[in-house]
Structure formats: structure tokens, C-alpha cells
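The values are calculated or read from the model by the stated rules, or taken from the named source; none is laboratory data. Bear in mind the structure is a predicted one, so any value in this text is a computation, not a measurement. Cβ coordinates were reconstructed from backbone atoms using ideal geometry, including for glycine residues, and neighbour counts include every protein chain displayed.
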Amino acid sequence: MKGVITLRRLSVDDWRLWRQLRLEALTEAPYAFSATLADWQGEGDTEERWRGRLSSVAFNLIADLDETPAGMVSATAADAERIIELISMWVAPIARGRGVGDLLVKAVIAWATEQAASKIALAVAEGNVHASGLYRRHNFMDSGGPGNSRHFSGCERQMFREL
């Protein structure tokens with residue numbers, strides 16, 4: 001059973017919800033992010049920082065599954081080459097395989113199209129076959145080399161989709 005999925009675009013005032021999901025994501029899937037849980041806890045866990053993250057990244061969405069926050073994604077503003085980067089993608093374990101990831105990716109594609117972007121790029125951790133499969137379903141292609149994302153470092157592959 002899929003359930004009812006709704007998407008919500010976040011503002012800086014939604015920082016508590018973003019914080020909740022981001023910390024859950026970093027705890028549940030640390031291999032999928034360049035940031036660590038420790039980076040966002042302790043002295044890094046401030047309202048100012050969470051609001052700053054939401055205001056500095058152009059597009060931030062939360063997916064609710066049956067009225068429960070179950071996924072998130074962000075996208076950067078286009079760079080000089082009109083490339084938008086999909087970042088911070090995560091779907092809660094209870095929502096995987098239920099269409100949440102597909103709707104989040106579709107929303108980024110629609111937003112990037114509205115922004116007149118030329119391409120969407122992303123970095124996915126090596127070995128994250130489920131995420132790679134999700135992106136391939138939406139016509140993202142492997143660049144054939146390691147990622148050079150503005151937000152990732154380490155062991156990832158760059159994927160892109162022309163618009």
C-alpha cells in the first residue's frame with residue numbers, strides 16, 4: 001500500500017522540522033551525506049544555523065507520507081552554467097519503495113525546469129544502488145567519473161540530467 005504523499009516547500013520558519021528530518025537522515029544513513037551527525041550537533045545545532053541552511057539553499061522540500069514527515073530534498077540555485085544541484089536527498093526507511101523518492105526527484109526536475117536550468121547534477125555515494133536506481137529511473141546518467149559536487153567530497157559518483 002502506497003499511502004498518501006504530500007510535498008511541502010519549506011521556509012526558514014520551518015527550521016525545526018528540517019532539523020528533525022536532517023538529524024534523522026544523518027543518523028540513519030550516514031554513508032549518504034558529506035556532512036556528519038556530529039557536524040550538526042553540539043555547537044553546530046543552533047537555530048541560526050538551521051535557518052541559515054534553509055535560506056542559503058534555494059529549494060527545500062519535505063515529503064509527508066500519511067501526514068508523517070518521511071523524506072526530504074534540496075536543490076541549489078543555478079550556477080553560471082545554469083546547472084542546479086540536487087542535494088540532501090533522503091527517504092525514511094518506512095517510506096522507501098512507496099513513491100516518496102520518485103515524487104521528490106520529480107519536484108526538483110519541475111523546479112529546475114521552471115528556473116530555466118540546463119542540467120541537474122548530483123553526487124551519489126559509491127555502492128548506494130537504491131539511490132542510483134532512483135536517479136536512473138528519472139533519466140539521470142552517470143558522468144563516468146568521480147563527483148565534483150559543490151557539496152560532496154569523498155567517494156561518490158556524479159550523475160546528471162540534461163533539461
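Structure notes:
- In the range 36-74, residue farthest from the chain's Cα centre (by Cα) [restricted to those that are over 22 Å from residue 94 (Cβ atoms) and β-branched (Val, Ile, Thr)]: 46
- Which listed residue is within 14 Å of the chain's Cα centre (by Cα), among the hydrophobic types (A, V, I, L, M, F, W, C) and not in a helix (DSSP H, G or I), from 123, 80: 123
- For the range 1-17, the set of residues classified as assigned to a loop (DSSP other than H, G, I, E, B), over 12 Å from residue 70 (Cβ atoms) and over 16 Å from the mean Cα position of the chain (by Cα) consists of 1 only.
- Residues considered: 37, 7, 86, 26. Of these, the only one that is over 21 Å from residue 127 (Cβ atoms) and either touching a helix residue (DSSP H, G or I) at 6+ places or on another chain (Cβ under 6 Å) or buried (at least 17 other Cβ atoms within 10 Å of the Cβ) (or both) is 7.
- All positions within the range 108-130 that are at pLDDT 95 or above and closer than 22 Å to residue 35 by Cβ: 108, 120, 121, 122
- When 14, 102 are screened for being surrounded by 13 or more Cβ atoms within 10 Å (Cβ to Cβ), acidic (Asp, Glu) and over 22 Å from residue 125 (Cα atoms), only 14 passes.
- Some residue of the range 100-114 being under 21 Å from residue 56 (Cβ atoms) and without any contact (Cβ under 8 Å) to a residue 40 or more places away in the chain: yes
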